[in-house]
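Inspection log for the structure reproduced underneath, given as structure tokens.
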Amino acid sequence: MKKILIAVLVIIVLFLGFTYLYVPAQIEFQVRKYAVVNPVAASRVLSLEKNWKDWWPQQDKMHPADSIYTFNKSKFIVDRELYNAFNIGIVKNNDTIHSLFSLVPTSADSTQLQWSAVLNSTANPFKRLNKYWNTNETRKEMETILSSLVSFLQNQKNIYGMEIKREVVKDTLLVFREKVSDVYPSTASIYSLVNTLKNQIKKAGANQTNPPMMNVIAIGPGKYRVMVAIPIDREFAMNDSLSFKRMVRGWILVSDIKGGPTRINQAIIEMRNFVNDYSKIPIALPFESMVTDRMAEPDTSKWTTRLYFPIVL
């Protein structure tokens with residue numbers, strides 16, 4: 001009988017010793033993953049909480065409150081946004097785990113996603129060990145959540161709303177015309193300039209090589225300058241209202257956009273974001289290639305526009 005009692009005591013002592021030595025008073029754990037995405041762009045996207053629902057892995061279990069997300073048996077509460085970081089409370093089995101999710105820049109096109117968490121344990125050895133096992137489940141949940149975020153961030157359309165490609169300038173010769181207006185130019189007024197150019201090209205026996213292009217900028221209160229250009233295959237004798245422009249056969253950013261003026265203007269903003277994110281050097285203003293004949297298609301949602309943004313690098 002004594003031997004049995006001694007054996008039980010030894011087992012209890014070993015269990016207590018293992019629990020208190022192996023499981024600390026504060027259980028700390030961390031998950032890291034890398035995403036091929038610009039750090040500034042990743043921070044900009046995550047700073048808008050409306051974007052979180054697009055990458056959260058269990059969208060069918062979204063909580064009505066914007067800052068509360070559910071995954072498996074855990075509830076994740078985004079309670080504070082910091083610089084490139086978020087305080088996230090994780091509620092699981094009546095325990096609250098304090099965590100910090102951070103974006104760590106590693107290069108111009110790489111970001112480390114780092115999620116650190118800490119849980120205060122208890123003096124009760126059984127509860128202490130149970131909390132430790134629960135944190136292992138939570139760690140796996142965090143890994144799944146970060147994997148979902150990595151997939152989201154590495155899709156360029158999720159960052160900029162479009163695919164942006166770098167190409168070599170193909171249309172190196174343009175004939176163009178400028179006009180200053182007291183109102184934002186209408187589609188009809190823009191195509192009036194386009195038709196003038198087309199008539200001159202046809203009259204000169206030259207050929208149009210791609211759809212007409214346009215650019216509108218505000219030059220003052222109630223003043224707009226519109227430039228319309230058409231790519232052609234050769235120069236010809238011109239009048240005072242026309243000019244030629246030769247483009248350097250260098251790099252240019254290109255993106256195809258579907259939609260009307262609001263969508264196009266937003267795409268221009270995002271293309272500027274791309275230029276700033278990756279420290280590209282612009283050498284001209286972005287301009288629109290009107291792939292769809294906008295006079296023939298009144299439904300702006302059906303317009304296709306190719307955006308161009310000349311850069312050095």
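Given region 240-294, what strands (runs of 3 or more DSSP E) lie entirely inside it while holding 3 or more residues that are more than 21 Å from the chain's Cα centre (by Cα), in the same structural domain as Ala204 (by TED's automatic domain parsing) and closer than 28 Å to Ile201 by Cβ?
Details: elements: 243-246, 251-258, 287-290.
By residue number, 243-246, 287-290.
For region 177-191, the set of residues classified as assigned to a helix (DSSP H, G or I), β-branched (Val, Ile, Thr) and more than 12 Å from Asn215 (Cβ to Cβ) consists of Thr187 only. Pairing each residue of region 82-109 that is assigned by TED's automatic domain parsing to the domain that holds Ala42 with any residue that is of a type in the set (D, E, K, R) and in a loop (DSSP other than H, G, I, E, B), provided the two are 6+ apart or on different chains, yields C-beta distances under 9 Å for Lys92/Lys73; Asn93/Lys73.
Out of the residues in region 90-115 that are surrounded by fewer than 16 Cβ atoms within 10 Å (Cβ to Cβ) and over 20 Å from the mean Cα position of the chain (by Cα), which is nearest to Asn38 (Cα to Cα)? Taking the candidates together, the pick is His98.
If you go through region 194-243 and keep only what is modelled with pLDDT under 90, surrounded by fewer than 12 Cβ atoms within 10 Å (Cβ to Cβ) and closer than 19 Å to Leu285 by Cα, you end up with just Gly220.
The residues listed here are Leu48, Leu16, Leu9; of these, the one that is at pLDDT 80 or above, out of contact with any Phe, Trp or Tyr (no Cβ under 9 Å at 6 or more places or on another chain) and not charged (D, E, K, R) is Leu48.
Among the residues that make up region 272-295, is at least one of them among the acidic types (Asp, Glu), farther than 15 Å from Met214 by Cβ and surrounded by fewer than 17 Cβ atoms within 10 Å (Cβ to Cβ)? Walk me through it before giving the result.
Let us first name the residues in region 272-295 that are among the acidic types (Asp, Glu), namely 277, 288, 293.
Next, only the ones that are farther than 15 Å from Met214 by Cβ stay: 277.
Remaining after also requiring surrounded by fewer than 17 Cβ atoms within 10 Å (Cβ to Cβ): none.
No.
The values are calculated or read from the model by the stated rules, or taken from the named source; none is laboratory data. Small disclaimer: the values here were computed from a predicted structure and weren't measured. Note that each Cβ is placed from the backbone with ideal geometry, even for glycine, and that neighbours are counted across all protein chains shown.
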